[in-house]
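Student: Pasting a structure here, questions to come.
Every read-out reported here was derived from the displayed coordinates using simple, explicitly stated rules and does not represent laboratory data. Keep in mind it's a predicted model, so treat the numbers as computed, not measured. We place every Cβ from the backbone using ideal geometry, glycine too, and count neighbours over all the protein chains shown.
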């Protein structure tokens, strides 16, 4: 299981634009780090780089287990990393139940995990609706279901709470707390401060 | 951004080389053309045999250019080298032009030889398919807005095309035997009269050097274009 | 309430993940405007228009029936390719697919497999009917279906690769056609060739063998090149 995420000397650019250079970061089990910075500072790109969706120009992203042994990158990402981006990855023509089931199964757990997800985010009344009928907040809750439905150690969250109202923000904060208590790792790009103790990494990015 | 050091060395090295290549190509073309018209006409084909001195070298180097494109694509993909990508991009247009020239002259040759402008002969069909490969490559490269992504997608396609080319060629040849057409005197078929060898080989060399000159010039232009883009981007940031 | 991370991760196994993705892809293929029906409809339209264009004389049509069927198959296979990756890229599902237990190469192959089942299979069943209508000898019906089935796998693999390459492109559908059709030449040649050889009393086996070899080759190329193209589009 991922115990430590360490980023060293990471340089990422998009096209001609250098986003950040020589970035170092270390997150350990039970720790949350909040990523701040101006729009375009590279918060999303950093998260995508850690998730392996973006190739850095230089530097390294490494995963270690509790004994300090390095983990295979592909396995660490493919089995133990959640990435929740701006987009929910939901198919509008399918029902919420089908989509939640697919996301939970594909990312690696079993149907019983889906029940936890439904309970955690109050998804029961939505399950038989097509995704196209759901509001942005409902879709986000549905997408969040996979965090609970298929447990993975590292959560990479990109503005996770943006479409949620106060009630569901509190629920999600609670889920994050549980995740940390269970030795999970969280790296979240947010505009508003997270409602839980977290270190902050500021990417700055004043243009 | 583009690993400027290597392109710089490349520019320094090819700077004096390119004009030399152009000069050699011009001389070879002139000599080749003169030789082409000084050899006697073929007893069967008459003067049309001279088209061969344009047609076959163009076809050969059209294929050569695609190989250059495919190999450059491979290096661009594996080593992510900007110069290799510029080389792949630069090979496409000259290669497509050579291939188009081969198709055009092939059809010109077909008219007196076969009485039609186009014959579905295996060799000519293969050249046509090669041209389609070029079209696909250039279309893909042009349709993706993000230039870096377009470059990499095109590199994948270039490599896939290179691997597929022998298979397509094989299938076309197989198709040809299946339909067993009347035995045409195919362009560049065996039994070339030795008298035609000097102009043919000269033109083959001329086209090769011409392609090299075109290719190098295009690569150099591409590198300069990127420098301009980089400078502009930097200026925009400073402003 | 279970503690998420405490629970020992129980991966569903590679076969489970394959099944899960395949089911989703098939569902999407059917729900997105009835893709297979659309492909078969297009195929039927093509074979109906052709006699009207060249004349309905059986002496003209019959010799080329197999060839026309193969051309129509190749074109109909192009139809639903655009949705294969583009929608997953647009709605973010491609990120999800990249973070599963299976490598992206397998994801590409599973998508090709789904494309084959959803489009290739119905087309392979329609092809003999169309070929018969064009005047193909009835004895060749089983061979037509068999070769269309094998060739359809080739179309699906190469088409999936084309769809991955065209990610992020303007007018993706048209682009896929231009990129993919030259690569469709071998299966069309071998498939139509099998029918032609059989019609002239020769054994179609070599043509079918070539066709099968092409499918294997196309599968390998599609997996690696397709995954590279998807990663490129995501990055």
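Student: For chain A, modelled as a GNM with alpha-carbon contacts under 10 angstrom, which of A:85, A:66, A:149 fluctuates the most?
Tutor: A:66
Student: To the nearest µm²/s, what D does Stokes-Einstein give for segment C:44-188 at 37 °C and 0.692 mPa s, using the Kirkwood radius over alpha carbon pairs as Rh? Write down the numbers at each step before the final one.
Tutor: Numbers: Rh = 16.2 Å.
Estimated diffusion coefficient is 203 µm²/s.
Student: Over chain B, what number does the Rg to Rh ratio reach, with both radii from the alpha-carbon atoms and Rh per Kirkwood?
Tutor: 1.04
Student: At 7 Å along the Cα-to-beta-carbon direction for both residue A:6 and residue B:117, put a label point, then send me their distance in nm to one decimal.
Tutor: 7.0
Student: Return one number: the angle in degrees, 0 to 90 and rounded to the nearest 10, between the long axis of the Cα atoms of helix B:82-114 and the longest principal axis of the Cα atoms of chain B.
Tutor: The angle comes out near 20 degrees.
Student: So if I take the alpha carbon set of segment A:79-207, get Rg, then get Rh from the Kirkwood formula, what is the Rg over Rh ratio?
Tutor: Result for segment A:79-207 is an Rg/Rh of 0.96.
Student: Fewest to most neighbouring Cβ within 10 Å: what's the order for A:191, A:64?
Tutor: Neighbour counts put them in this order, fewest first: A:191, A:64.
Student: Fewest first, what order do C:27, A:158, B:145 take by the number of other Cβ atoms within 10 Å?
Tutor: B:145, C:27, A:158
Student: Using all Cα-Cα distances in segment A:1-125, what percent lands in each 5 angstrom bin from 0 up to the longest?
Tutor: For segment A:1-125, the binned pair fractions read 2, 9, 16, 19, 17, 15, 12, 8, 3, 0 percent.
Student: Report the calculated FRET efficiency for residue B:34 and residue C:171 (r = Cβ-Cβ distance, R0 = 56 Å), to the nearest 0.05.
Tutor: According to the calculation, E is roughly 0.70.
Student: Go from 0 up to the bin containing the longest alpha carbon distance in segment C:49-135, width 10 Å each, and give me the % of pairs per bin.
Tutor: 15, 35, 22, 16, 10, 2
Student: Here's another thing I want to ask about it. Let me make sure I get this right: for the protein assembly as shown, a, b and c are the square roots of the gyration tensor eigenvalues over alpha carbons, sorted descending. Under 1.5 in a/c it's rounded, otherwise prolate if a/b > b/c, else oblate. Which is it?
Tutor: oblate
Student: Please figure out what share of the DSSP beta bridges in the protein assembly as shown is antiparallel and state it in percent, rounded to the nearest 5.
Tutor: 50
Student: Taking the number of other C-beta atoms within 10 Å as the exposure measure, put C:45, C:40, C:157 in order starting with the fewest.
Tutor: C:45, C:40, C:157
Student: If each DSSP helix of 4+ residues adds -39,500 (n - 2.57) and the sum is divided by the residues in the protein assembly as shown, what number results at 222 nm, nearest 500 deg cm²/dmol?
Tutor: Here the helix-only value at 222 nm equals -22000 deg cm²/dmol.
Student: Taking Cα centroids, how far is segment A:1-73 from segment B:26-54 in Å?
Tutor: Each part reduced to its Cα centre gives a spacing of 65 Å.
Student: By how many degrees, 0 to 90 and rounded to 10, does the Cα axis of helix A:166-181 deviate from the longest principal axis of chain A?
Tutor: Approximately 60 degrees, to the nearest ten.
Student: Can you give the relative contact order of segment C:180-234 as a percent, counting alpha carbon pairs under 8 Å and 6+ residues apart? All intermediate terms of the calculation are to be shown ahead of the outcome.
Tutor: Working: 23 pairs, mean separation 15.4, N = 55.
Once normalised by length, the contact order is 28 percent.
Student: Counting residues in segment A:47-118 as N, plug N into 2.2 N^0.38 Å and put the Cα Rg over that result.
Tutor: Rg over 2.2 N^0.38 Å, computed on Cα atoms: 1.35.
Student: What distance in nm lies between label points placed 7 Å from Cα along the C-beta direction at residue A:39 and residue C:53?
Tutor: Roughly 5.0 nm, to one decimal.
Student: Further question on the same structure: By DSSP, what percent of the beta bridges with both residues in chain A are antiparallel, rounded to the nearest 5?
Tutor: On the way: 16 of 33 bridges.
Close to 50 percent.
Student: List the relative contact order of chain A as a percent without decimals, with contacts defined as Cα pairs under 8 Å and 6+ residues apart.
Tutor: 31
Student: Another one. In nm, give the distance between the simple-model label positions of residue A:171 and residue A:95, each being 7 Å from the Cα along the Cα-to-Cβ direction.
Tutor: 2.0
Student: Can you tell me which of B:211, B:53, B:104 moves the most in a GNM of chain B? Springs connect C-alpha atoms under 10 Å apart.
Tutor: Its mean-square fluctuation being the largest, the pick is B:104.
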